[in-house]
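What follows is a short report on a single structure.
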């Protein structure tokens, strides 16, 4: 299992990440409600180069775009 994004959704499309100070609108993620408890969205993750490939002082890596699935946990 990979990393989990845990978001608190407030209102129709605003969110706050519970682990970081990230907040924003779900609209830019192409959020689509597919059921009462589920949604899909376009995710974007930064994957840093492994330490043995990294150049000191330079943040190199790859930006990955992928389809994600969201599950409503409460209420």
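What number of residues in segment 1-16 are within 9 Å of the chain's Cα centre (by Cα) and modelled with pLDDT of 75 or more?
Filtering segment 1-16 for residues within 9 Å of the chain's Cα centre (by Cα) gives 4-7.
Okay, now just the ones that are also modelled with pLDDT of 75 or more, so 6-7.
Summing the residues that are within 9 Å of the chain's Cα centre (by Cα) and modelled with pLDDT of 75 or more in segment 1-16 gives 2.
Can you tell me which residues in segment 34-56 are surrounded by 13 or more Cβ atoms within 10 Å (Cβ to Cβ) and either touching a strand residue (DSSP E or B) at 6+ places or on another chain (Cβ under 6 Å) or assigned to a loop (DSSP other than H, G, I, E, B) (or both)? Show your work before the answer.
Filtering segment 34-56 for residues surrounded by 13 or more Cβ atoms within 10 Å (Cβ to Cβ) gives 39-43, 45, 49, 54.
Those that are surrounded by 13 or more Cβ atoms within 10 Å (Cβ to Cβ) and either touching a strand residue (DSSP E or B) at 6+ places or on another chain (Cβ under 6 Å) or assigned to a loop (DSSP other than H, G, I, E, B) (or both): 39, 40, 41, 43, 45, 49, 54.
Please specify each residue of segment 17-33 satisfying the condition of being in a loop (DSSP other than H, G, I, E, B) and either modelled with pLDDT of 85 or more or exposed (fewer than 11 other Cβ atoms within 10 Å of the Cβ) (or both).
Our first condition is that a residue be in a loop (DSSP other than H, G, I, E, B); within segment 17-33, this holds for 18-22, 30-31.
Of everything in segment 17-33, those that are in a loop (DSSP other than H, G, I, E, B) and either modelled with pLDDT of 85 or more or exposed (fewer than 11 other Cβ atoms within 10 Å of the Cβ) (or both) turn out to be 18, 19, 20, 21, 30, 31.
The values are calculated or read from the model by the stated rules, or taken from the named source; none is laboratory data. As the structure is a computational prediction, the values presented were derived from the model and not from experiment. Cβ atoms come from the backbone with ideal geometry, glycine included; neighbour counts cover every protein chain shown.
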